[in-house]
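Novice: If you scroll down you'll find the structure; I have some questions about it.
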Amino acid sequence: MKVIVNGEEVETQKTSLKELLAELEIKAQGSAVACNGEIVPSSTWDTFKLEEQQTFDVFTLVAGG
Amino acid sequence: MLNDRYLRQSAVTGFENLAQNLSDKRVGIVGLGGLGGLCAYLLVGAGLKNLKLCDFDEVSLSNLHRQVMYDQTSLGLSKAQVLKQRLLNLDESVKVELFPKFEEHNAALFNENLDLILDLTDKVQVRELISDKALSSKVPLIEASVSNTRGQIALFNYKEQNFVKEHGCFRCLAKNMGHMTSPGILGPVASAMASLVALYVMQYFQGQIEAGKIRFIDFLNFKSTEVVLRPDLTCTCQKESS
Ligand SMILES: [Zn+2]
């Protein structure tokens with residue numbers, strides 16, 4: 001299926017968000033992911049099912065002040 | 001009476017009454033480094049009169065490229081003390097209360113009577129404690145951070161009854177942050193983010209900010225994206241709110 005990740009169309013056979021991130025070699029630790037404009041809590045990435053044309057934004061979290 | 005001090009500020013649409021509005025607000029700032037220092041200065045400049053400042057740290061040479069409230073004459077001195085003096089130099093009528101460190105035992109006292117807490121510290125664990133205490137005190141919290149060339153900012157309105165149920169707490173987001181370290185940071189990025197936090201606070205008090213969203217900014221390409229915060233149902237905040 002096709003999903004959009006950070007503005008680019010990605011073709012994937014994966015079914016969960018966690019698998020998709022691994023496939024794209026996106027480091028889970030320190031990243032935040034939003035699907036269609038809403039944060040997907042990291043504890044649900046493994047059960048979050050991919051659907052055709054979903055839009056994902058992956059962000060690098062920062063903690064400095 | 002129109003005060004010359006705020007003449008140019010009050011000429012901006014949407015901010016005509018800003019100084020007046022800020023004058024009775026009480027803001028607590030934890031972390032007085034690259035974000036907290038300049039942010040406090042801009043807010044006092046805009047009319048904020050009551051602050052609680054918290055930082056245990058002293059000014060060191062490696063701070064000076066980005067922590068613009070401090071200079072060579074401040075080396076080795078308490079950031080809180082130096083910043084308080086800078087704020088009093090800017091506006092002698094400002095009231096500043098200092099707290100040495102944000103800890104379990106003094107958190108309730110720090111949060112007392114605050115309209116808003118700004119968490120501008122540099123450790124995830126400290127941020128989690130600040131968030132927990134803001135939540136139990138029901139004080140709105142702005143979490144802002146910066147590293148390298150990026151920043152992020154979010155408003156957790158813990159005063160709102162259903163906020164945590166709909167948007168979660170800082171821990172919900174921080175679960176994936178681990179023990180993040182931030183070795184690199186550019187001076188202009190820190191100051192840009194500090195200014196952005198100050199503007200965000202002003203907009204918040206002017207009723208122009210919607211809580212429950214987080215904005216990610218990449219300063220190198222000026223890219224900025226805002227998304228809605230959602231709770232982690234396994235987080236402690238969800239057990240308490242249900
Ligand atoms: Zn939570």
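Novice: Would you mind giving the total buried accessible surface between chains B and A, with a 1.4 Å probe and ligands, DNA and RNA left out, rounded to the nearest 100 Å²?
Specialist: 2100
Novice: Measure off, as a whole percent, the carbon and sulfur share of the 1.4 Å-probe accessible area of chain A, all protein chains present.
Specialist: Of the solvent-accessible surface of chain A, carbon and sulfur hold 47 percent.
Novice: Using every pair of alpha-carbon atoms in the range A:4-65, split the distances into 10 Å bins beginning at 0 and state the percent of pairs per bin, rounded to integers.
Specialist: It works out to 21, 61, 15, 3, in whole percents.
Novice: In the P(r) worked out for the protein assembly as shown, what percent of Cα pairs fall beyond 26 Å?
Specialist: Percentage above 26 Å: 46.
Novice: Shifting gears a bit: How much length would be gained if the chain were fully extended between B:K101 and B:T13, taking 0.36 nm per residue of separation minus their Cα-Cα distance, in nm to one decimal?
Specialist: Fully extending the segment from B:K101 to B:T13 adds 27.8 nm.
Novice: Taking chain B as a Gaussian network, where each spring joins two C-alpha atoms under 10 Å apart, which residue of B:C172, B:C54, B:C39 fluctuates the most?
Specialist: Evaluated over chain B, the most mobile residue of the options is B:C172.
Novice: Right, next: What is the distance in Å between the Cα centroid of the range A:13-65 and that of the range B:8-33?
Specialist: 37
Novice: Hey, another quick one. Kirkwood hydrodynamic radius (Cα pairs, Å) of the range B:165-204?
Specialist: Over the range B:165-204, the inverse of the mean reciprocal pair distance is 12.8 Å.
Novice: About the Cα centre of the range B:155-220, what is the dipole size in debye to 20, counting +1 per Lys and Arg Cβ and -1 per Asp and Glu Cβ, all else neutral?
Specialist: My answer is approximately 180 debye.
Novice: Let me ask another. Below 12 Å, Cα to Cα, which aspartates and glutamates can B:K138 reach? Residues fewer than 8 away in the same chain don't count.
Specialist: B:E112, B:D115, B:E160
Novice: Would you mind classifying the range B:1-93 by shape? Square roots of the alpha carbon gyration tensor eigenvalues, ordered a ≥ b ≥ c; an a/c under 1.5 is rounded, otherwise it is prolate if a/b is larger than b/c and oblate if not.
Specialist: prolate
Novice: Name the residues of the range A:47-65, by number, that are at least 40 Å² less accessible with every protein chain in place than in the isolated chain; the surface is that of heavy atoms, probe 1.4 Å, without ligands or nucleic acids.
Specialist: Buried on complex formation: A:F59, A:T60, A:L61, A:V62, A:A63, A:G64, A:G65.
Novice: I'd like to check one number: the per residue accessible area of the range B:84-227, probe 1.4 Å, reported in Å² as a whole number.
Specialist: About 46 Å² of surface per residue is accessible.
Novice: Something else: Treat every Asp and Glu Cβ in the range B:2-241 as -1 and every Lys and Arg Cβ as +1, leave all other atoms uncharged, and give the resulting dipole magnitude about the Cα centre to the nearest 20 debye.
Specialist: 240
Novice: Rounded to the nearest 5, what % of DSSP beta bridges with both residues in the range B:2-241 are antiparallel?
Specialist: Antiparallel bridges: around 50 percent, rounded to the nearest 5.
Novice: Right, next: Which value in nm describes the separation of the simple spin-label points at A:T15 and B:S195, placed 7 Å from the Cα toward the beta carbon?
Specialist: With each label point 7 Å from Cα toward Cβ, the separation is 5.1 nm.
Novice: Using the Karplus curve 6.51 cos²θ - 1.76 cosθ + 1.60 with θ = phi - 60°, work out ³J(HN,Hα) for each residue of the range B:102-108 in order, rounded to whole Hz, and write x for Gly and Pro.
Specialist: Calculated HN-Hα couplings, in order: 8, 9, 2, 6, 10, 4, 5 Hz.
Novice: Over all residues in A:30-41, what is the mean tally of Cβ atoms on other chains that come within 10 Å of each residue's Cβ?
Specialist: Mean inter-chain Cβ contacts per residue within 10 Å come to 6.
Novice: Using the structure shown, select from A:K18/B:K175; A:K49/B:K223; A:K27/B:K133; B:K101/B:K123; A:K49/B:K213; B:K159/B:K223 the pairs with a Cα to Cα distance greater than 25 angstrom.
Specialist: Violating the 25 Å Cα-Cα cut-off are A:K49/B:K223; A:K27/B:K133; B:K159/B:K223.
Novice: Continuing with the same structure: If you take the Cα Rg of chain B and divide it by 2.2 N^0.38 Å, with N the number of residues, what do you get?
Specialist: Ratio of Cα Rg to 2.2 N^0.38 Å: 0.98.
The values are calculated or read from the model by the stated rules, or taken from the named source; none is laboratory data. None of the values given here were measured: they were computed from a predicted structure. Cβ sites come from the backbone with ideal geometry, for glycine too, and all protein chains shown count toward neighbours. Surface areas here come from the heavy atoms of the whole protein model, side chains and all, with no ligands, DNA or RNA. Shrake-Rupley method; radii C 1.70, N 1.55, O 1.52, S 1.80 Å.
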